[in-house]
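Take a look at the structure set out below.
The values are calculated or read from the model by the stated rules, or taken from the named source; none is laboratory data. Source: prediction; values computed, not measured. Cβ placement follows ideal geometry from the backbone for every residue including glycine, while neighbour counts extend to all protein chains displayed. Accessible surface is based on the protein model in full, side chains and every heavy atom, while ligands, DNA and RNA are left aside. Shrake-Rupley method; radii C 1.70, N 1.55, O 1.52, S 1.80 Å.
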Amino acid sequence: EPEVTQTPSHQVTQMGQEVILRCVPISNHLYFYWYRQILGQKVEFLVSFYNNEISEKSEIFDDQFSVERPDGSNFTLKIRSTKLEDSAMYFCASSVNSDEKLFFGSGTQLSVL
Amino acid sequence: GNSVTQMEGPVTLSEEAFLTINCTYTATGYPSLFWYVQYPGEGLQLLLKATKADDKGSNKGFEATYRKETTSFHLEKGSVQVSDSAVYFCASNTNAGKSTFGDGTTLTVKP
């Protein structure tokens, strides 16, 4: 079965640094998402992306966050100046349609020190 | 707004016991409903889904029925195994595209 792949699996960074989390969605999918899960808490929606633009974002997704699809295969999440509270598992997901099931990647564990 | 409420955990069962994890939702419109599973150290995986009322999703011995009248999507399995130990998330998905997740229920199955 096709998979969503995420790199790196672990990222450690200093507070205030920029990080870019990378994702390769499934090739025929049109909708892309980022979610995060702070340890022991629920999975939270960050942003959805379709047709090269953000279609919806949560209140978590402030000006420090941005997403990009720089080429035909990658989908990235950038955090401009990381904070301690950004430490979480970040999941990328993609779907064929907006009301279809999401396929999740295995996540990037971000640790901000 | 949309929300998903699922049974608080953790849940500890003996092997071959019957499992129920309750899930109820509130949503505008008619969402698709999902159960995702997260095994230790891994990402989220779709377990099963149902897209309309009275649909039953099933996979790996797990079942859940989309009940519109009670706005529920309870997860059941007749006989759990140690390998079923994981965190289970109920989720709803509207046409807006994003999924709303419950808090997750940790299941531990003991031999």
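The set of residues in the range B:27-46 that are of a type in the set (Val, Ile, Thr) and open to solvent by 30 Å² or more (accessible area, probe 1.4 Å) contains only B:THR28. Meeting the requirement of 1 or more residues that are β-branched (Val, Ile, Thr), the strands (runs of 3 or more DSSP E) wholly within the range A:4-113 are A:5-7, A:10-13, A:19-24, A:43-50, A:53-57, A:65-68, A:75-79, A:108-112. A search for C-beta distances below 6 Å between a residue of the range A:85-99 that is more than 8 Å from chain B (Cβ to nearest Cβ) and closer than 16 Å to A:LYS42 by Cα and any residue that is open to solvent by less than 10 Å² (accessible area, probe 1.4 Å) and polar (S, T, N, Q), counting only pairs 6+ apart in sequence or on different chains, returns A:TYR90/A:THR108. Reported count of residues in the range B:63-99, each being part of a strand (DSSP E or B), of a type outside the set (A, V, I, L, M, F, W, C) and within 21 Å of A:SER95 (Cβ to Cβ), is 4. If you go through the range B:100-111 and keep only what is open to solvent by 20 Å² or more (accessible area, probe 1.4 Å), within 24 Å of A:GLN37 (Cβ to Cβ) and not in a loop (DSSP other than H, G, I, E, B), you end up with B:THR100, B:THR106, B:THR108. Would you confirm whether or not the range A:62-81 contains a residue that is free of Cβ contacts under 8 Å to residues at least 12 places away in the same chain, open to solvent by 50 Å² or more (accessible area, probe 1.4 Å) and facing chain B (nearest Cβ under 8 Å)? No. Checking A:ILE38, A:ILE54 one by one, the residue that is open to solvent by 50 Å² or more (accessible area, probe 1.4 Å), more than 10 Å from chain B (Cβ to nearest Cβ) and at negative phi is A:ILE54 and no other.
Residues that are touching a residue at least 24 places away in the same chain (Cβ under 8 Å) and surrounded by 15 or more Cβ atoms within 10 Å (Cβ to Cβ) within the range A:101-113 comprise A:LEU102, A:PHE103, A:PHE104, A:GLY105, A:SER106, A:GLY107, A:THR108, A:GLN109, A:LEU110, A:VAL112, listed in sequence order. Do we find that B:VAL80 is in contact with a helix residue (DSSP H, G or I) (Cβ under 6 Å, 6 or more places away or on another chain), at pLDDT 95 or above and not aromatic (Phe, Trp, Tyr) in this structure? No.
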